[in-house]
Amino acid sequence: MPIQKYDPFKDLFDLQEKMHRLLLEAFVHAESREDSAGSWSPSMDIYETDDAVVVVAELPGLAREDIDIKIDHGTLVLQGERRFSRKEKEEKYMRIERHYGKFSRTIAIPSSVDTSDVAADLHNGVLEVRLPKREAARPRSIRVPIG
């Protein structure tokens, strides 16, 4: 059975990310009611491997030019906009359930991440951002001779 490393700061990072997002929504993105009514938040998964922290976000219908990825002061910021486009002026919608408008997600980055080598890929509406760990933060195996 593999030994799992306990990270005492994981809950603090989660709380920090939630508070940062709440403050961004409340103060930074305080726009007119019409603009903020269209805002939405893409679903995300964040997981860790031996070599990297990986962020996966669902962004169906968005192209690369609709998405902005920034790293700023220990946070990863995903921003973009899904625009509502009507092809015909005669359309009479009975229901609109898809979300449109601007979005912004902010994720706290652990200090073990090397932000100089971040890679992102968008495929079939799924964005994957790989944040590689610093060499010193990667797990190592050491053989100890028993004599």
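The values are calculated or read from the model by the stated rules, or taken from the named source; none is laboratory data. Every value quoted in this text rests on a predicted model; they were computed, and no experiment measured them. Neighbour counts run over all protein chains shown; Cβ positions are idealised from the backbone, glycine included. Ligands, DNA and RNA are stripped out before the accessible areas are found, and what is left, the full protein with its side chains, is counted by its heavy atoms. Shrake-Rupley method; radii C 1.70, N 1.55, O 1.52, S 1.80 Å.
Between residue 68 and residue 142, how high is the FRET efficiency from 1/(1 + (r/R0)^6) when r is the Cβ-Cβ distance and R₀ = 41 Å? Nearest 0.05.
E(calc), rounded to 0.05, equals 0.45.
Grab the beta carbon distance between residue 94 and residue 20, set R0 = 41 Å, and tell me the FRET efficiency rounded to 0.05.
0.60
If I model a spin label as a point 7 Å beyond the Cα along the Cα-Cβ vector, how far apart are those points for residue 134 and residue 54 in nm?
The two pseudo-label positions are separated by 2.4 nm.
Would you list 107, 71, 146 from the most to the least accessible area, probe 1.4 Å?
Output order, biggest surface exposure first: 146, 71, 107.
Residue-wise, which Karplus ³J(HN,Hα) couplings in Hz belong to region 124-132, taking 6.51 cos²θ - 1.76 cosθ + 1.60, θ = phi - 60°, and x for glycine or proline?
6, x, 10, 9, 10, 10, 9, 10, x
Could you rank 44, 94, 19 by how accessible they are, 1.4 Å probe, largest area first?
94, 19, 44
So how much accessible area does residue 115 have, in Å² to the nearest 10, using a 1.4 Å probe?
Only protein atoms counted, so the area is about 70 Å².
Compute the length gained on full extension between residue 45 and residue 13: take 0.36 nm times their separation in residues and subtract their Cα-Cα distance, giving the result in nm to one decimal.
Length difference between fully extended and current span is 10.0 nm.
Ranked by accessible surface with a 1.4 Å probe, highest first, in what order do 121, 66 come?
These residues rank, largest area first, as 121, 66.
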